[in-house]
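Trainee: Once you've had a glance at the structure underneath, I'll fire off some questions.
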Number of protein chains: 2
Amino acid sequence: MTDDIATLTDAPPRPAIEHALAGWARASAPSELREILPLLARPGLLSFALGMPAADLLPAEAYLRATRRALEADPLPMQYGVPFEPLKRHIVGMMAERGVHCREEQIFLTTGAQQGMSLLARLLLDEGGQVAVEATVYDGIHGAVKPLRPEVLTVPSDEGGIRVDALEAMLEGGARPAFVYLIPEGHNPLGVSLGMERRLRLVELARRFHLPLVEDDAYGFLRYDGERVPALRALDEDWVLYVGSFSKILAPGLRVGWLVVPEALVPTLSILKHGSDLDVTSVAQRCLSSYLDSGELPAHLERLRTAYRSRRDVMLDALERHFPRAVRWTAPAGGMFVWVSLPDGVDTVRLLRRAVATEQVAFVPGAAFCAHDAGDYAHCMRLCFTSLPIDKIEEGVARLGRLLTDEVRVGPLTLVSPD
Amino acid sequence: MTDDIATLTDAPPRPAIEHALAGWARASAPSELREILPLLARPGLLSFALGMPAADLLPAEAYLRATRRALEADPLPMQYGVPFEPLKRHIVGMMAERGVHCREEQIFLTTGAQQGMSLLARLLLDEGGQVAVEATVYDGIHGAVKPLRPEVLTVPSDEGGIRVDALEAMLEGGARPAFVYLIPEGHNPLGVSLGMERRLRLVELARRFHLPLVEDDAYGFLRYDGERVPALRALDEDWVLYVGSFSKILAPGLRVGWLVVPEALVPTLSILKHGSDLDVTSVAQRCLSSYLDSGELPAHLERLRTAYRSRRDVMLDALERHFPRAVRWTAPAGGMFVWVSLPDGVDTVRLLRRAVATEQVAFVPGAAFCAHDAGDYAHCMRLCFTSLPIDKIEEGVARLGRLLTDEVRVGPLTLVSPD
């Protein structure tokens, strides 16, 4: 496998300094998956791959107005940026919509949710320690923990989300992960939202086993239907470390996110943050805060929810019409993703190469979301339903359907070879 | 000492989750110095403390114009941001001014120079490994390596900068640091620039001992007089890992910096960067690139150098007139800082409290720049000469001089107590 890749890639010469790298970096091998990612950037592609907001709904005009106001303010937002208090106040207000009552002193601003996850990983996890994640989960958490070389424990999920009973059994069996990473709302990539009962049981486990729960709520403001339940953080303020983000609800290009944590952790997080990148881009903090001052966010969120609900419905309908009968998928009540399970034996990494080459359509293969045992999800794919306009969703699913019908019929070409 | 602080501070209650933190975080104690930092933000203060560009020279108008152009561009710079090639091209052009010939493939964009240092630390340093820094050096490097709990080896410096002979002796004695961190141009906090001979000897050592040199060149474009010598990276492209920044030459609030590294290291840096915060704020990348497109940078740099040269001269002149005879300071040819040595026994941490309270003037105490043996530099302070306008520099130094004359005469109040 490694040999295949070495012959396939045109790798630059390995300089002597590579022997001077840290252990994890020397052990870090190129993956077939990472080589595929550039494919997703090919122009003209109908891409369901990346979890991006709809480009036509980005509030560029409003952001430019906010920028102008911020750049006319005194003092200018171009020096180093201490955490901007008015932005924290806005966030406290937003958290109420997630059922969370918190104080500004518990808000910690980050360079996007990814930095929130990275800082929490380094706050909680010792090198070589244990961490618990779902068997398929946003790959950003793997990136955040990787340099700490943890033992990654995986918890199975079902159509209701993470199997809390399995987590409990793991803890009762003596596992002591530094934290468990969760996406209770609009799960990436599974598209499920946790019901109240599982949320309550998670919080119970956290208290009983002194287990920090890292709650990634990037999709918490994107719920389209079904009973709305509060964020985990609303149920416990001691053990739930909440990760929030403006990327999915405003613009990923700002790289502004936040944590809600016990106030006592803020000084240590500040040390980590300062050592990582000093502070959150003050231009982004101030322009964003100026945008929030304008009071336009609630209407913008409503527009997003309306548009994304339609796009989800169009995708689910198109899947029904264009995909072969043997295929299964989730019906998300929130978030950005549908998780599709193809018949066992279909390899979605190979399928992606063919989809891009022959149908100019893309998705993320299931293997991208696995800590290990990628083979168990080699027949799965994640489709993002928010980034393309409705007519393109219909067209893209039709193209994929054509390819799949062909694959499922012809079969052998895409079956995982037994070796 | 710890007891004193505990009684002085109004610490929030320690929640149970603190016991779940990683080892380095549990061991991380509050420092007297960190408690002093909020003092520096007091409004109305004449502050020589932070290394900030002159507020009156920030190109706000030009940046707003660039933002408008960028936000009218297609595609909008508000989605996730892959490294923006035109920005890399601009940086390649800028590097030529530092004597460095490099290719776009060797440029790695970062969320400010601090992230560059943090990524390189995690790329090179194993937990508990050795790292070499000067005895007094920018505290950001301590922040970058701290969670990796390294053994920090210190190298002495003199009026010519880092003592390369001492580094050589250390290496010959068997020390094997993962890297040595250097600020060859406009050293922070010492204000010295390395001559050509020491640069060449550093590169020789790097090759002989396979020792990566992390070159922080944040002040490389701010040289005011004296013979201009090339960056270390111009002398070796295998062992010098160059850290660049727009913070000091354009605006810290953008948080955009870059690395120049061997191309083979870029994929591993990308893994680290992606796990840390995904990408550099695309709004900042694109607006900055649009600003550089306008061709205004060279004239802006010339304005900065002219202004900062004058401010430095005014500060050196004022020091001569207002400071007691027993005080010594450096005469920087570049950068932002003058390093002041007061008579032994003066404690600049205590002095700062008094300076803020009685004279409304601030600086950074020498202890802030020490990995250990802070006592050796307890009588030193760093003054930034770029952030205040000329009349304020004169006034601030006069106030400090008044205080110092008093201190040096009265003495005992500020002497370090013998316990």
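Trainee: Among the residues of the range A:105-121, is there at least one that is within 14 Å of chain B (Cβ to nearest Cβ) and free of Cβ contacts under 8 Å to residues at least 24 places away in the same chain?
Mentor: no
Trainee: For the range B:51-61, give me the residue count where each residue is in contact (Cβ under 8 Å) with a residue 60 or more places away in the chain and either at the interface with chain A (Cβ under 7 Å from one of its Cβ atoms) or within 17 Å of A:Ala73 (Cβ to Cβ) (or both).
Mentor: Of the residues in the range B:51-61, 5 are in contact (Cβ under 8 Å) with a residue 60 or more places away in the chain and either at the interface with chain A (Cβ under 7 Å from one of its Cβ atoms) or within 17 Å of A:Ala73 (Cβ to Cβ) (or both).
Trainee: A further question on this structure: Does the range A:370-407 hold any residues that are in contact (Cβ under 8 Å) with a residue 60 or more places away in the chain, open to solvent by less than 60 Å² (accessible area, probe 1.4 Å) and touching a Lys or Arg at 6+ places or on another chain (Cβ under 7 Å), and which are they?
Mentor: A:Phe385, A:Thr386, A:Ile393
Trainee: Sort through A:Gly93, A:Gly99 and tell me the only one that's away from every other protein chain (no Cβ under 14 Å), part of a loop (DSSP other than H, G, I, E, B), open to solvent by 10 Å² or more (accessible area, probe 1.4 Å) and at pLDDT 95 or above.
Mentor: The conditions single out A:Gly99.
Trainee: If you don't mind, there's one more thing I want to ask. Looking at this structure, is B:Arg69 free of Cβ contacts under 8 Å to residues at least 60 places away in the same chain and open to solvent by 40 Å² or more (accessible area, probe 1.4 Å)?
Mentor: no
Trainee: Now a separate question. Can you tell me which residue within the range A:209-228, out of those that are without any contact (Cβ under 8 Å) to a residue 40 or more places away in the chain and within 12 Å of chain B (Cβ to nearest Cβ), is surrounded by the fewest Cβ atoms within 10 Å (Cβ to Cβ)?
Mentor: The residue in question is A:His210.
Trainee: Right, here's the next one. Name every residue in the range B:268-282 that is in a helix (DSSP H, G or I) and more than 7 Å from chain A (Cβ to nearest Cβ), in order of residue number.
Mentor: Of everything in the range B:268-282, those that are in a helix (DSSP H, G or I) and more than 7 Å from chain A (Cβ to nearest Cβ) turn out to be B:Leu269, B:Ser270, B:Lys273.
Trainee: Can you tell me which residue within the range B:122-137, out of those that are acidic (Asp, Glu) and within 7 Å of another protein chain (Cβ to nearest Cβ), is surrounded by the most Cβ atoms within 10 Å (Cβ to Cβ)?
Mentor: Only one residue tops the list, namely B:Glu127.
Trainee: Okay, next question. Counting only residues that are part of a loop (DSSP other than H, G, I, E, B) and at the interface with chain B (Cβ under 7 Å from one of its Cβ atoms), which one in the range A:14-29 is modelled with the lowest pLDDT?
Mentor: Top of the filtered list is A:Arg14.
Trainee: Does B:Leu200 meet the test of being touching a Leu at 6+ places or on another chain (Cβ under 9 Å) and open to solvent by less than 10 Å² (accessible area, probe 1.4 Å)?
Mentor: So B:Leu200 fails the test.
Trainee: For the range B:264-276, indicate whether the set of residues that are closer than 26 Å to B:Ser193 by Cα and open to solvent by 10 Å² or more (accessible area, probe 1.4 Å) is non-empty.
Mentor: There is no residue in the range B:264-276 that is closer than 26 Å to B:Ser193 by Cα and open to solvent by 10 Å² or more (accessible area, probe 1.4 Å).
Trainee: A follow-up question, please. From A:Ala326, A:Ala331, which residue is modelled with pLDDT of 95 or more, surrounded by fewer than 24 Cβ atoms within 10 Å (Cβ to Cβ) and aliphatic (A, V, I, L, M)?
Mentor: After applying the criteria, what remains is A:Ala331.
Trainee: Can you find a residue in the range A:167-178 that is among the aliphatic types (A, V, I, L, M), open to solvent by less than 10 Å² (accessible area, probe 1.4 Å) and under 25 Å from A:Phe337 (Cα atoms)?
Mentor: Yes, that holds for at least one residue.
Trainee: Something else now. For the range A:38-50, what are the residues that are of a type outside the set (Phe, Trp, Tyr) and either more than 10 Å from chain B (Cβ to nearest Cβ) or open to solvent by less than 20 Å² (accessible area, probe 1.4 Å) (or both)?
Mentor: A:Leu39, A:Leu40, A:Arg42, A:Pro43, A:Gly44, A:Leu45, A:Leu46, A:Ser47, A:Ala49
Trainee: In this structure, does A:Thr111 turn out to be touching a Cys at 6+ places or on another chain (Cβ under 8 Å) and open to solvent by less than 10 Å² (accessible area, probe 1.4 Å)?
Mentor: For A:Thr111, the condition - touching a Cys at 6+ places or on another chain (Cβ under 8 Å) and open to solvent by less than 10 Å² (accessible area, probe 1.4 Å) - is not met.
Trainee: A further question follows. Starting from residues that are free of Cβ contacts under 8 Å to residues at least 60 places away in the same chain and surrounded by fewer than 24 Cβ atoms within 10 Å (Cβ to Cβ), keep the ones in the range A:349-358 and report whichever is nearest to the chain's Cα centre (by Cα).
Mentor: A:Ala357
Trainee: Just to be sure before I move on: is A:His322 at the interface with chain B (Cβ under 8 Å from one of its Cβ atoms) and of a type outside the set (A, V, I, L, M) in the structure I sent?
Mentor: no
Trainee: Okay, next question. So which residues in the range B:229-245 are part of a loop (DSSP other than H, G, I, E, B), modelled with pLDDT of 95 or more, more than 8 Å from every other protein chain (Cβ to nearest Cβ) and in contact with a helix residue (DSSP H, G or I) (Cβ under 6 Å, 6 or more places away or on another chain)?
Mentor: B:Leu235, B:Asp236
The values are calculated or read from the model by the stated rules, or taken from the named source; none is laboratory data. It should be emphasised that the depicted structure is a prediction, and the values quoted were computed from it without experimental measurement. Neighbour counts run over all protein chains shown; Cβ positions are idealised from the backbone, glycine included. Just so you know, the surface numbers come from the protein's heavy atoms only, side chains and all, with ligands and any DNA or RNA stripped out. Shrake-Rupley method; radii C 1.70, N 1.55, O 1.52, S 1.80 Å.
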